[in-house]
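Read-outs throughout are calculated quantities, based only on the coordinates presented, and are distinct from any laboratory measurement. Bear in mind that the values here come from a model prediction, so they are computed numbers and not experimental data. Every residue, glycine as well, gets a Cβ built from its backbone with ideal geometry; the counts of neighbours run over all protein chains shown.
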Amino acid sequence: MIKELNDIMIKETTSVRVLLLELEEQHRCIIVNDIFGLESCVKKIKEANKNIAYMEIERRKLIDTKAMLDIIEEVKNAELEKNYYKIRQLLQEVVLQKDTNELLLRQGLSFTNKILKDRKST
């Protein structure tokens, strides 16, 4: 079970890394106002999310309802622990990038709405 779990976590790490790269590309498109690039990013982000969800399902099939930290504590496998913390770190980076992108998009929409409102009142 440990080898299978490690293999799944390695694949999950790769999937999360792909998502992070797609979010970074989305950030670039937001900064340079590349609307068509943003549209392409949405598709790629959805696909990356699907891959992550699939890996998560596979992992949960192996561990059932047990918490990963409990399993790590129980089996005391250094590679498993390393893979777990690598995924957690990547997920934190993903959340930070996602939040940054959302903030930039909201600011852009707010600015656009303000301009439209100002134009309408003149």
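Laid out as a table, the results:
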{"item": "Mean Cβ neighbour count within 10 Å, used as a protection proxy, ranking 77-84, 108-115 highest first", "result": "77-84, 108-115"}
{"item": "Hits among lysines - C-alpha to C-alpha of Lys43 under 24 Å, sequence gap 8 or more where chains match", "result": "Lys11, Lys98"}
{"item": "R0 of 30 Å, Cβ-Cβ distance Lys66-Lys43: FRET efficiency to nearest 0.05", "result": "0.30"}
{"item": "Debye, to nearest 20: dipole size of segment 10-65, +1 on Lys, Arg Cβ, -1 on Asp, Glu Cβ", "result": "180"}
{"item": "Per residue convex hull volume, Cα atoms of the chain, in Å³", "result": "112"}
{"item": "Of Leu69, Gln97, Leu80, farthest towards positive along the dipole that unit charges on Lys, Arg, Asp, Glu beta carbons give the chain", "result": "Gln97"}
{"item": "Where labels lie 7 Å past Cα in the beta-carbon direction, separation of Leu104 and Lys82 in nm", "result": "3.3"}
{"item": "Relative contact order for the chain, counting Cα pairs under 8 Å that sit 6 or more residues apart, in percent", "result": "42"}
{"item": "Aspartates and glutamates whose Cα lies under 18 Å from that of Lys82, excluding same-chain neighbours fewer than 8 positions away", "result": "Glu4, Asp7, Glu12, Glu56, Asp70, Glu73, Glu74, Glu93"}
{"item": "Charge dipole magnitude, Cβ of K and R +1, D and E -1 - the chain, Cα centre, debye nearest 20", "result": "560"}
{"item": "Lys/Arg +1, Asp/Glu -1 at C-beta; segment 1-68 dipole; positive extreme among Leu5, Cys41, Cys29", "result": "Leu5"}
